[in-house]
Every structure is written in structure tokens, then in C-alpha cells.
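Student: Following this message is one structure expressed as C-alpha cells.
Every number here is computed from the coordinates shown, using simple stated rules; none is lab data. The structure displayed is predicted, hence computed values, not measured ones. Cβ: placed from backbone, ideal geometry, glycine included. Neighbour counts: every protein chain shown.
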């Protein structure tokens, strides 16, 4: 015992680690400080600003003086996607206290560690306080004027030299909806599709998989609705740490319904600790697990035949594929023994309604999209989509990752999933009131190279850009290999960490090679510290969503309006303002901002979020973002107490302005705000009329395929005047049904205008392009869903694997399985080559798994979020988790002479990568598997990079990033990285 | 008068630490002082359970029995508070406390630990209610404002309950009946000399 302690003390080198080491006699659990709290706290007084005299500093900002008035402002937590209401007490312009927001049906006053500490972020001693730039390697304070002038000048210069596509716009899931939309519009005006955000690395494969199955890429039900489920499968989600408040609904549902909560995960998570059953499997074998369940379902006839016949296309092909996954094969691939999966399959199929929850454990794989498709097929086979208590309950990650996805911070989409085709550009040109040709003029022509044909600007604007997972490859790759005019030369990074995608050695090289790096964020992030740049590097202090106003979309598609709590602190400013200032200098602000109400902001003019939302309302027909006017959204926040905990609906006693609505008007909220559509709590729900929040699967892949109909057969939403499947509504369809006469003259005029008075074009004006909302209104009036009534696709013929099949991870610990289950073929995607198969073959040929025998997976901790810079800068959170660590099974630790709490080197199979972290010996991980959280940065392969941060902005806690070790591997559809399975070796340091 | 108690439902607690940071936030408790913390048993093993721990405001509080300067007192709401002006930082209470509640700002020998600090059930100290003087020494006084302790109010899964002992016991009993199991009101026998039976 004593030897251990001594060893630890001498090994510790970092300031905090020394402090922590004196604290922890023996780590009982991962919060090592707990074991000795109250005994060894003396060392902590060393931490500069946090003096320990009496209880707190006398100038405490938390004291609310009862003699002064207190104002309570309502906003939404800026961490995960649950969307917890934050009640802020403000006195004299200072946020002095946080109160529970009991009225929110989503969180009912509660928070997790992060939500309960958000007040700190607006006092934020470690925030960026003023604009800075690097001059000769030193950070130097500059004015906003100078920063904006210089950045715009450099962007323009790079554009002239290398084209518009050489500037990469990395946006954020922390933007408000209005900020996200504005940033996407900014990229369009600049003339590039190289725009992306965190959805790429959390749920891009979900969006692709789900949208390709039944229409929209979003959670079908809600956190609240899980209370109705009788069986819950949680696979690849650790909600207890990643979405703690969702556990309120899951655990209460489990209690009241006596529900089965089955956690299927490589790791015995904190969520698993509260499950009725935990099933461990080998990381990266999700499809085999699901097919193993489907095998039993089909074998025993447990599938929902009526549902499949009416609402699902291609299940018979799935049946064929699943035949290849009998129990012995599945056990060999996944490691799940005996008839475990038979029991789970029977429960899921019979004890309905059943819901399936997944997160990044499922999505962050080279087979991410296929994993998602497998989950969907399981739901469809058992008839578990489109009703209460069922559905794909996809827990999104960040507070507005759903909204930012919706608004097209995505290299393959304009806002609201219109795609990048000419029709999409024309639609948004109409909404923005800017000629289509203007956008053509902004895009690069791409020369012929590498045997590929040249592209005109018109063609280039329809080609998806580069994914955020590989921006650094796009910097360093041979220019001949990149499918655009030139390499990436500049990164404009708004609200995005630099340590959340694999291959950080390469990311570091990419950062070093850039001509311009701009980081706009409340905190400096890894983008400011990882590299050795000396010049042309800017830090812009952006305020948090608590210091501005706007809406954000929670995971369940509910949109919540947050009001400004305090003015932006220090010299920070809002996204709105900074995007406007840049646009002004780049010469397109007048056109871009002409539809918005401009007001005087802190350092200049800025658009009001209300007027941005109104423009969204005028264009967001495809996704039903049209009914949520700012007025309605504000009324919802103001009347939270009237919404039901389970149905999320406002009852008959609610004030007229919200009566009958679902909380937050979850999209689709069809038609104009005046139509008063209530929003859609549960997607594809045929038990309700569309005007009441009902729906059907969306037929977006044609009307038939290989002779089989893709329209629903014998299923329709309640009260539909068309009692069968039907395609999407167009003006032609209205005419055919004789419903065109229901359009008002004003609506008709708009439709004719869009069709340029050409009868053929008018006929094709649809529910998603009709700016009057007339087509949607008339469809709803007749009980029909504007997008049609189709079948979900069990077979998605446009994807690399139309029916998912098991494919071994690139870095597999079972190389003998690769010949039967190889990764996808190499291909060019998102303007670059994806050479996963070459890499996998190399891994097999070189026997990499001999030298690196442990599977390494990664995940979240409750105290931190994302790249972690913000949360690791918050002392209330940082204190709880002071060290980066790796979880190692006792068997693996014993074999390597590793002691609990001791320092170890984790080494990876690419580029001699290594990370120095503490060992946490636990049976939470299976033998042969190691786990590391992904929130840490600031140490790089043993080097402490604290000095790279501008003085005073370094996060309190630094640590190695797991993504130093993680390796090559990208989903063939979305470019999602492989963040959950690689190989490593661990040795005592 | 109410008899204030804490109850942690270990079948609900997911160790999210909201109670810990809510406490830090409400009272601006400095780094190193933990009035509340979450203890996990069998971490990473089947049967893993967590409980949120702070001063339980015991009946016949042992800390008060051993305090050589009698700095402890019990309020009308049965909340156990102490007077930092009287406290000499001897640390006896930390040995007597079955819950590890007392905290000290310094570690040194011979009574120089500094004034003891612990959970006040969000009800301040002997200074006049809701004053700066009270806030600086003890944190905010939510009880005086008619509010309950923020840790319980913000508990993500409503595992941690605070309020009148009879009322929270009733809430817990209802839960146990609904779900058909319950591992008991952790620490109640030690703190309050009673168990919660269903």
C-alpha cells in the first residue's frame, strides 16, 4: 500500500497531478479524490485564484442580495441534447444563482453535473477575453476591428490563390438554430460546400441510415415517451453519463411499466448498472448481434407480419441475409454465448411496445450507417416504429446538434435536407431573394486532374464537400488526389474541438501546414494549442448561448427558445455579430442579411435571431420548420407547466396560444404558423391524423422498385381521405385529386410564380418547394401527410450494403475473420480517397494484433463534454475528474504488471502513437478490451502543452487525448470516423 | 415544524454528480471542499450502486456530542448547523461523523485545519438570514427563502430527496411499491435511528 502511494507520488509530474496525488491514498473508484477528501486538501490551495480561506471568496458572485431585485431568465442547458431548462437569477446584470426549472416537461427542474454548473461559464475565468493573434509564436491582444480586417483580407487572398473551396468552414452543434443557419448561409455566399460540424462525428451515420430507411434523420419519439415502453434496448449508449436526465424518464418508465431494460454494450456502463439485463459483446460486431436476434425472430415467426406487409419494403431480402447468422456463427463473431440473444429477441418482439436506443457506440464505426440500418430493421421487423413507447430513440449529442444538422452544417446539404441539387439552390435562392446565378459565380471551377473530369462552377456547387473527420488529410494530401481546385489552406473553426476525431498526429501536421487558422469560441480549444504555428492564427472570443438569444432543437425535435441571461462577458460577442462582421468585409453582407432585422450589437450591427427564424419559417417546408414562429416558441417556454409529462401535449386548460400543441413544436410542424399545426411528437404515427401530429413513412425513393410498390398498402394515418399509400404532394397531384380548387388565390399565385408560369414547372411545385404553404395546407385538410404515405425500406439499394452484413473493423483483433467479413472496398468519397481496405489488409498481413492485442474503445464521462475544453475549465466539474485514464481489465493489468492508479503508456498501431495516462483497473471492461474517455487534451504523447494556450485560458485539467491512439477508418456513406474500435498495447510507465 | 431529512434512493442514483456541482454552484464552495459527494460501491461490477452523501442532519448528532467548544446547534427544522466563529478546527467531529461530512480547508497538525465546513441543508448559519455575512461563511440560505436544498432539487433522476422526513418517506414507499423492490433508505438507521419499511 505504502509502496504504491510512494510510486504514484514520484511519478506525478504535472502540477495538478501532484496535487491530485497527495489527495488520493487509494482510488476506490474513478473519482480518486473521494477516498481521501477532507484529509489531504491542503495542496489544492495552491491553485491560484481559488483561495481557501473561509468558505469562499468574499467577492462571491453567487450571493444574491435580498434588498436588490432579482430577475429570472429562462434558457436551455448548453451541454447535451436532452434540452434541460435553466432558470437563471440575475441581479444587477450578474448571474447570481441557478434555480430548478420545475415546469419543463423535459427535465422537471433537474440537471446533471454539467447542467447544475452552467452558471460558471458566464463568469468563466478561463475564457478567451479578447481577440488575439499569434505573432512570431506569441499570443498578442488585438481589437475586433483588426481581427476581422486581417482575417477577411487573408481569406480573400487565399481565395484568389487557391479558390473558395480551400477555405474550410467548421461550424458547431453549439450554435443556436439561427446561428447554424446563418453559418450555412455564409458558406453558400462564400461559395463552398466545405462546411460541416460535430454531427459528422456523432450521428451522421444515424441520419444517413435512418433517413434512408423511413424518411427523416431524427429521433422518432422522445425521451418522455420512453415512459410508455415495455422493453428498452440500449445499445452503444451510456445515457447515465452522456444524457443523465434522460435516465429520469427511462428509470421511471422502468418502474411504472416494470419494463425490461436491456443494455447491450462492450462495457458494463453506469447505464448497465441500472438495467434488468446486461449483455457484453465484442466491439464492432453490432450487425452480427442484431442479425443474431433477427435469426431467432424469423425462425420462430415472432415478426409482425401485418406491419411488414403494410409498411415495409424488402423484408424478405433481409430474411435471406439473416440466414447466414445462426447462433453458432453469431457467438463466434460477437462472443455472446448460447441462447442469450434468443431470450432478448423474444422479449423485444413480444413485450411491446419496444424501443431501441443507440448513440455513438453504434454510429462511430466504419460500418456506422450499416449498424444504424440493422437497428432500424430490427424495429421494423417487430413493428416497433410509429407508436407510443416504441421507435428509434436516438439520443443526439450536443445541445443543438439536431438543429445544426437540420440547418445543413453538412457538406452534403443546404438547410433542411434539400440536398445540393439545382432545385435546392433554386429553392434557397428564392427564399433568400438572391439570384441563383450569384451563387454560381461564387463557386470554383475545378480543373481536370488525377484522371477525373473538370467541373464547372454549376457542377461544383452540387458536389458534396470534405468531411470534418478528414480536413487535415485535405490539407496535406497530394493536390492531384483532392477533388477540388486546391488543398485546404484555411480553417475557420467556430465552436468545435480539435481532439474529437482520430489521428491527432495527422491533425497536428494539418494545423501546422495551414495558411490561416481562425478559432472562434468561448475557449481556445485544441485548435489553439496542439500545433507549433507562429503566425496567421487568430482567436476570437465568442459568447455562449447564455449571453445571446435564439432557439435550439433538442434530440426529440422540440425547439426551445432561450433568452439572453447576461450581456456577453469580457470582449466576447455573438456568432450572429461575428458572421455579420466577416460578411461585411467579404462584400456580401448586404445581400445575405437583407431579410433580417438588424440591431445595434456590442461591437456592431447584428441580425435579430427572431428575424432569422422567420426566414427559416419561410423556407423550411421539407422538414416542417415553418410553423414554429418565434412568437409560438416563446409562448411554449413561457407556458411550460401546461405540457403533459408523457404526451408532451398542452391540455384543454392551457392558454389559447399553446393549447393542443406538443411541447417545443417538434418538427415537422407543418404549414404556416397561422395554420396552428401542433408539431409532431412521434414520427410516422398512423394512429393520429396528420393535423394532430400523425404521419406515415416518407416515400422519397420513387414509387416502386423492381416491380414492387414503395407506397404503403392498407395503412394510412387516422382520418385520411386517401385510404392507401400515396406519393408526395405536388400541384399535379392536387389537380389529379381535384383538390387544387382548395388553394386560395394568393397561394395559387405563389405556386405559379415558382413555376415561372410554365404549366410543366407548375405541376412539379411540391409541398417542399411551395413557399405559400398552400399545398401542405390542402393535403392536411384532407387528412393526408404532405410528403406522402410510403413504406420504410428494409433494403436500401443505394447504400454500399443494401442489407447490412457484418464487416470486421479495420484494426481487428480477429484477423482470421477478415477473409469472410472484409471491410468495404476502397472508394473515392467526399473529394478524397478512402483506403480502408488497403489498411485492413495491411493490418492482417503485418499481424498488427500480435503487437497490439487489446481492443481500444472510447466514450463519455458525465462531468465533461465533447472535446472538454469548456468543462475542463469549470472548477466545479474539473475537480471531479482530474486525470485522464484508461480502463483495463484486472487480467490484462496483472499480465502487464500494471497497478491501479499507476501511470501507463498506451501505444497505438499508427505512427508510433503513444499516450501517458493513469490506469484504472476494473472489470467494467472485458479482458482484452481497454476504454478511454475522449474529453481530454492538452497533453500530447507525453508532452504537457499547457504553455501553448494563451496565458490564463488553459483549462484547469489537461490530459492525453484518446484520439492520439485511434486510427484510420471511415464510413463509406458519411465519412464518419472509426472512434470505437482500434487496437492498442498498454505498458506500465 | 418539519423534521428535515435527506433520502438517497440508491436504485435511482446514477452517479451523475449533479448534487455535487449544484452544491458548489449554490454556495460557491471552493476547490477541495466537498459538502456533498457521491460514493459508488462495487464500481464496475454487477450490483454497482451509488449513494449521494452529505451531512444527514442526524437526530442526536454525534458531531455535536464530541465538539469541545459546543459549536453545533439544531434548528427548529431539525437541521444540524455549526458556528464557524466558535469552531477551533480540532477535527473531532470528523472522527465522530458516520458519514464523513465535516470538511476542512487545510491539512496540518495541531488544530490548524481551519474552520470546519459542511452541508448546511441550504440553511446558512447563526448570522442573520440571507445576509452577506452568512453567505460568506456558510453559503446561501434557501430554507429562509422557502426553498429546499438545491442538490435534491436538481437531482437528475430524483434519487436524492430532501424535505420533511414523513413526506419523503412516503414518496419513497410509493416508489418501492410501484417497482416492487428497494434497497432501503441508505443511512437512515444511523442518522435517524429508524428504518424505512414498506
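Student: Could you check the spin-label model distance between residue B:147 and residue A:638? Points 7 Å from the Cα along Cα→Cβ, value in nm.
Tutor: Each label point lies 7 Å from its Cα, and together they span 2.3 nm.
Student: Within segment A:815-988, what percent of beta bridges assigned by DSSP are antiparallel, to the nearest 5?
Tutor: 65 percent
Student: Further, regarding this structure: Inside 10 Å of the C-beta atoms of A:105-112, what's the mean count of C-beta atoms belonging to other chains?
Tutor: Mean shielding by partner chains, rounded to a whole number: 5.
Student: When chain B is modelled as a GNM with alpha-carbon springs shorter than 10 Å, which of B:65, B:140, B:156 fluctuates the most?
Tutor: Most flexible of the set in this elastic network: B:65.
Student: Could you pull out which residues in segment A:297-322 have an amide N less than 16 Å from a spot 7 Å beyond the Cα of residue A:706, following the Cα-Cβ vector?
Tutor: A:312-322
Student: How far apart, in nm, are the 7 Å Cα→Cβ label points at residue A:351 and residue A:605?
Tutor: Modelled inter-label distance: 6.2 nm.
Student: Between residue A:657 and residue A:426, what length in nm is gained on full extension when 0.36 nm per residue of separation is reduced by their alpha carbon distance?
Tutor: On the way: separation 231, 0.36 × 231 = 83.16 nm, distance 3.46 nm.
Additional length available on full extension: 79.7 nm.
Student: Now for a separate question. Let me know the shape class of segment A:787-902, please: from the alpha-carbon gyration tensor, a ≥ b ≥ c as square roots of the eigenvalues, rounded when a/c is under 1.5, otherwise prolate if a/b is greater than b/c, or oblate. Intermediate values should be presented prior to the final figure.
Tutor: On the way: a/c = 2.42, a/b = 1.33, b/c = 1.83.
Oblate, because a/c is 1.5 or more while a/b does not exceed b/c.
Student: Can you tell me the relative contact order of chain A? Whole percent, Cα pairs under 8 Å, sequence separation 6 or more. Present the calculation step by step, with values, prior to reporting the outcome.
Tutor: On the way: 2374 pairs, mean separation 157.5, N = 989.
For chain A, the relative contact order is 16 percent.
Student: A follow-up question, please. Take residue A:723 and residue A:70, extend 7 Å from each Cα along the Cα→Cβ direction, and tell me the distance between the two endpoints in nm.
Tutor: Each label point lies 7 Å from its Cα, and together they span 6.0 nm.
Student: Per 5 Å bin, what is the whole-percent P(r) computed from every C-alpha pair distance within segment B:44-101?
Tutor: With a bin width of 5 Å, the distribution comes to 4, 18, 25, 22, 12, 6, 6, 5, 3, 0.
Student: Kindly express, to the nearest 10 degrees and within the range 0 to 90, the angle between helix B:18-27's C-alpha long axis and the longest C-alpha principal axis of chain B.
Tutor: 30 degrees
Student: Still on this structure: Round to a whole angstrom and tell me the spacing of the C-alpha centers of segment A:914-983 and segment A:123-146.
Tutor: 27 Å
Student: Also, I was wondering about something else. Checking the a/c ratio against 1.5 first, then a/b against b/c, what shape does the Cα gyration tensor give for chain B? Working shown, then result.
Tutor: Values: a/c = 1.67, a/b = 1.50, b/c = 1.11.
Judged from the Cα gyration tensor, chain B comes out prolate (a/c at least 1.5, a/b above b/c).
Student: Just counting partner chain Cβ atoms within 10 Å, what average do the residues of peptide A:919-932 show around their Cβ? If you can, show how the numbers build up before the last one.
Tutor: Numbers: counts 0, 2, 1, 3, 5, 4, 1, 0, 0, 0, 0, 0, 0, 0.
Mean partner-chain Cβ count within 10 Å for A:919-932: 1.
Student: Quick one: among B:115, B:24, B:147, which has the greatest mean-square fluctuation in a GNM of chain B with alpha-carbon springs under 10 angstrom?
Tutor: B:147
Student: Right, next: Using 0.36 nm per residue of separation minus the Cα-Cα distance, give me the extension gain between residue A:452 and residue A:827 in nm, one decimal. Don't skip to the end; give the middle numbers.
Tutor: Values: separation 375, 0.36 × 375 = 135.00 nm, distance 1.36 nm.
133.6 nm is the gain from fully extending residue A:452 to residue A:827.
Student: Of all beta bridges DSSP finds with both residues in the protein assembly as shown, what is the antiparallel percent, to the nearest 5? All intermediate terms of the calculation are to be shown ahead of the outcome.
Tutor: Values: 72 of 120 bridges.
Roughly 60 percent of the DSSP beta bridges within the protein assembly as shown come out antiparallel.
Student: A further question on this structure: Summing -39500 (n - 2.57) over the DSSP H runs of n ≥ 4 in chain A and dividing by its residue number, what mean residue ellipticity at 222 nm do you reach, to the nearest 500 deg cm²/dmol? List each step's numbers first, then the result.
Tutor: Details: 35 runs with 294 residues, N = 989.
That calculation yields -8000 deg cm²/dmol at 222 nm.
Student: Further question: Let me make sure I get this right: for chain A, a, b and c are the square roots of the gyration tensor eigenvalues over alpha carbons, sorted descending. Under 1.5 in a/c it's rounded, otherwise prolate if a/b > b/c, else oblate. Which is it?
Tutor: Details: a/c = 1.35, a/b = 1.16, b/c = 1.17.
Rounded shape, in that the Cα axes give a/c under 1.5.
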